[in-house]
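Quick notes on the structure that follows.
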Amino acid sequence: MTPLGEKLAARIRANGPITIADYMAACLGDPEHGYYLAREPFGRGGDFVTAPEVSQMFGELIGAWTVAVWEAMSAPASFVLAELGPGRGTLMSDLMRTARLRPAFVEAAQIHLVETSPRLRAIQAETLAAALIAPTWHEHIDDLPAGPLIVVANEFFDALPIRQFVRTATGWAERMIGLDDAGALAFGLRPAPPPPGFGNDVAEGAIVETAPAATAVMATLAGRIAAGGGAGLFIDYGYPGPAVGDTFQAVRRHQYDDPLAAPGEADLTAHVDFGTLGETARSVGARTRPLLSQGAFLARLGLSERATSLARGKDATTGEALERAVERLASPTGMGEIFKVLAVSAPGLALAVFDADDPEKA
Ligand code: SAH
């Protein structure tokens with residue numbers, strides 16, 4: 001068992017089984033052994049590669065989108081540009097490089113990062129210092145300063161803890177993590193009320209996931225955007241809802257693994273329920289747009305044109321690498337279909353890409 005596994009087993013022996021949310025929070029965020037605090041998850045040597053790490057084009061295009069949104073907001077002289085879970089800081093660094101084309105935007109942007117891992121904060125500081133950016137960090141979105149807000153997040157919501165409920169023959173139960181006879185971590189069930197929005201008419205065996213932390217984050221951000229102006233762009237692998245099915249998964253060294261096998265040493269995620277996130281945003285007065293696939297979003301922002309312009313005057317190897325990056329980011333066999341983009345805005349704000357009649361002009 002991993003050191004965190006031992007710690008969790010002791011906790012379960014003392015206090016009884018824990019929810020999947022408690023388990024996920026400990027595996028990712030335990031101050032001593034948590035995955036994001038102790039490991040280097042990103043890149044070829046890590047456990048997975050995220051879109052900003054695939055190519056600079058990802059952050060650059062989001063930069064173009066962000067500048068367009070700021071202009072649609074009538075170019076406020078000061079606004080909060082926030083990123084949630086910035087990883088290595090690559091997306092923000094690429095975004096701001098594109099934004100330099102509009103010096104007034106750079107002047108107006110107060111950059112705030114929400115990041116819990118001190119280890120990743122140090123890496124973000126280093127990446128951004130190289131781009132002459134000095135951001136402010138926060139533990140929690142509640143600490144973001146007031147004012148108009150543009151917020152972006154890539155692969156953030158999938159890391160927030162979920163709970164799972166199962167419809168059994170005798171009613172609903174929550175999936176818990178306890179210990180088996182041999183003392184190993186094992187799934188079990190505890191009777192529970194039906195999850196919100198579900199009744200007893202659901203087929204036996206069905207699993208429903210809820211993401212209370214993600215819902216709370218969206219309610220706060222969308223409420224601020226609705227009241228103070230601005231927009232949010234949330235990119236993740238997920239589904240339009242409803243949240244039926246087991247999507248709790250572990251990835252370790254680019255392979256799927258049993259989520260209970262190596263607590264603290266594998267990345268744990270769940271697919272994002274964009275249906276519920278969108279509903280939450282609308283319920284606090286923000287406006288949402290129909291989900292776009294990552295492939296469609298990037299294509300409308302001019303991904304292939306950007307690749308062509310980066311390849312100009314470069315050797316064939318560079319050109320091929322750019323082509324591969326385009327494929328990986330935007331094709332259905334890469335990240336293009338499974339990753340989705342949810343856009344949220346203040347009620348009166350038009351959003352580049354999402355509200356353009358002619359996608360080519362967005
Ligand atoms: N956006 C980056 C990293 C994605 S990994 C990229 O695309 O490469 C998830 C990120 O969210 C990490 O930076 C992790 O430390 C951070 N994170 C996870 N849970 C968090 C929480 N509850 N609050 C703030 N940051 C969190």
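A short reminder: the numbers here are calculations on the coordinates, not readings from a lab. These numbers were taken from a predicted model, which means no experiment stands behind them. Note that each Cβ is placed from the backbone with ideal geometry, even for glycine, and that neighbours are counted across all protein chains shown.
A few notes on this one:
- Anisotropy class of the chain from Cα gyration tensor, a/c 1.5 cut: prolate
- GNM result for the chain, Cα springs below 10 Å: residue of ALA262, ALA130, ALA104 fluctuating most strongly: ALA130
- Cα-based shape type of the stretch 248-306, given that a ≥ b ≥ c are square roots of the gyration tensor eigenvalues and the cut on a/c is 1.5: oblate
- Ordering of 158-169, 107-118 by packing [mean C-beta count within 10 Å, highest first]: 158-169, 107-118
- Separation of the stretch 33-73 and the stretch 217-242, taken as the distance between their Cα centroids, equals 18 angstrom.
- Cα gyration tensor shape for the stretch 224-362, rounded if a/c is under 1.5, else prolate or oblate: oblate
- Net dipole in debye of the chain [+1 Lys, Arg Cβ; -1 Asp, Glu Cβ; about Cα centre; nearest 20]: 500
- On the basis of the beta-carbon distance and an R0 of 30 Å, ARG11 and VAL49 show a calculated FRET efficiency of 0.35.
- FRET efficiency, 1/(1 + (r/R0)^6) with R0 30 Å, evaluated for SER78 and ASP142 via beta carbons: 0.90
- When each of the peptides 309-317, 288-296 is scored by how many other beta carbons lie within 10 Å of its residues on average, the order from highest to lowest is 288-296, 309-317.
- Once both labels are positioned 7 Å from their Cα atoms along Cα-to-Cβ, the gap between ILE207 and GLN255 label points is 2.1 nm.
- Annotation for the stretch 309-358 versus the stretch 112-177: alpha-carbon center distance of 23 Å.
- Of the residues THR136, THR280, THR170, the one that moves most in a GNM of the chain with alpha-carbon contacts below 10 Å is THR170.
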